[in-house]
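First the structure, in the form of structure tokens, and then the observations on it.
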Amino acid sequence: MSATMISDPMIISTPETQSTTSSILVAQSEVEFAICECCGLTEECTPAYIERIRERYQGKWVCGLCGEAVKDEIVRSERLVSTEEAMTKHMNFCKNSILQVLIQIQQFI
Ligand SMILES: [Zn+2]
């Protein structure tokens, strides 16, 4: 009975468990944290994906949600707008929304 009790905690520290941990660490080093220039959201992405987004948005990285909003801004506009112009418009919108939220939070304090 007591022999089984001792062998149980030893299972946790087997080399098998350790190798699983190190493989997770390798996977994590392959992704980078990208911060959205619009809303400040942090996303874990592969460097290749970050590069692709930066190319599309004049060196700036925007999250998936803001990217959709920028595309929407271009589609909704009656005249032809550049990606940069649409992005600036959306960034201002984002900053205003954040400001509104901050004001609301301050009112509660
Ligand atoms: Zn965003």
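With the Cα gyration tensor of the range 46-109 giving a ≥ b ≥ c as the square roots of its eigenvalues, does the rule (a/c under 1.5 for rounded; else a/b larger than b/c for prolate; else oblate) give rounded, prolate or oblate? Since a/c reaches 1.5 but b/c is at least a/b, the shape of the range 46-109 is classed as oblate. Computed about the Cα centre, the dipole magnitude for the range 46-109 is approximately 60 debye when only Lys and Arg (+1) and Asp and Glu (-1) carry charge, each at its Cβ. Relative contact order, whole percent, for the range 35-85 stands at 32, derived from Cα pairs under 8 Å and 6 or more residues apart.
For the range 41-55, the Karplus equation 6.51 cos²θ - 1.76 cosθ + 1.60, evaluated at θ = phi - 60°, returns couplings of 5, 9, 10, 8, 9, 6, x, 5, 5, 4, 4, 4, 5, 4, 4 Hz by residue, with Gly and Pro reported as x.
The numbers here are math on the coordinates, done by the rules we state, and not lab data. The shown structure was predicted, so the numbers you read here are calculated from the model rather than taken from an experiment. Don't worry about glycine lacking a Cβ; one is built from the backbone with ideal geometry, like all the others, and counts go over all protein chains shown.
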